[in-house]
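Note sheet for the following structure.
The values are calculated or read from the model by the stated rules, or taken from the named source; none is laboratory data. Just so it is clear, the structure is predicted and the values come from calculations on it, not from any experiment. Positions of Cβ are backbone-derived with ideal geometry, glycine not excepted, and every protein chain shown enters the neighbour counts. For accessibility, only protein heavy atoms count, side chains too; no ligands or nucleic acids. Shrake-Rupley method; radii C 1.70, N 1.55, O 1.52, S 1.80 Å.
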Amino acid sequence: CVVGVSNRANTFNIISGQTELIEQATGSGVVVTTQGHVVTNYHVIEGANDVQVLSQGRYLKTEIVGYDELTDLAVLRVMEDVHLPAVKMGDIAQVRVGDWAIVIGNPLGKQFADTVTVGVVSALNRELEGSSIVKMLQTDAAINAGNSGGPLVNMAGQVIGINSMKLASDSQGTSVEGMGFSIPSNEVVR
């Protein structure tokens, strides 16, 4: 089950003089246990006072179970009694360059929720300077803002990675396309 993740932070409203929760970021997430545990990226929930999961058009009360800034992973738990089917995790040792790869998520937030893009696994074990300590999977399937935390799926419907970032340009400002990166499933399971 792929879900939306909404990061809300306390903001002081000058007009009303009240503190209110304002949506700061949205991303995607993956239900990984039948007990409602959801994996997303740390950068999706970073600085949040309140995190909610959006599933089937409804916001669900959620708590942050834990996170790791270095791997850019976070685990949430849905606090409500709802049935959310868990995904199956794939074996990263079986992933090969050229395998089909499917990205599912919420690019640009709720308006484009449940979007699917398709590509291939472009490379394995990519080390990206200044990012996660994890060696990443590279894909040419479109990953956009809001896809962070969503799954990279193989043709068997198994999650082989958690989408984390894309490159839009190099250090000289040259535009690039089709360079998305996902945290491998073995890191997520660990």
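Structure summary
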item: Selection from region 108-143 of residues that are open to solvent by 70 Å² or more (accessible area, probe 1.4 Å) and β-branched (Val, Ile, Thr); result: Val116, Val118, Ile133
item: Top-ranked residue in region 159-190 [being of a type outside the set (Gly, Ala, Ser) and part of a loop (DSSP other than H, G, I, E, B); ranked as surrounded by the most Cβ atoms within 10 Å (Cβ to Cβ)]; result: Met179
item: Number of positions in region 21-54 that are open to solvent by 80 Å² or more (accessible area, probe 1.4 Å) and assigned to a loop (DSSP other than H, G, I, E, B); result: 4
item: Residue list for region 140-158, filter: outside any loop (DSSP other than H, G, I, E, B) and out of contact with any Lys or Arg (no Cβ under 9 Å at 6 or more places or on another chain); result: Pro151, Leu152, Val153
item: Positions within region 78-90 being charged (D, E, K, R) and at pLDDT below 95, in sequence order; result: Glu80, Asp81
item: Entirely in region 55-107, the strands (runs of 3 or more DSSP E) that have 1 or more residues that are among the acidic types (Asp, Glu) and either open to solvent by 60 Å² or more (accessible area, probe 1.4 Å) or in contact (Cβ under 8 Å) with a residue 12 or more places away in the chain (or both); result: 58-68
item: Long-range neighbours under 9 Å by Cβ, at least six apart or interchain, first residue closer than 17 Å to Ser148 by Cα and at pLDDT below 95 within region 119-132, second assigned to a strand (DSSP E or B) and among the polar types (S, T, N, Q); result: Ser131/Ser164; Ser132/Ser164
item: Every residue from region 144-157 that is open to solvent by 60 Å² or more (accessible area, probe 1.4 Å) and either under 20 Å from Val95 (Cβ atoms) or of a type in the set (Phe, Trp, Tyr) (or both); result: Met155, Ala156
item: Enumeration of residues in region 76-110 that are within 21 Å of Asn125 (Cβ to Cβ) and among the small types (Gly, Ala, Ser); result: Gly90, Ala93, Gly98, Ala101
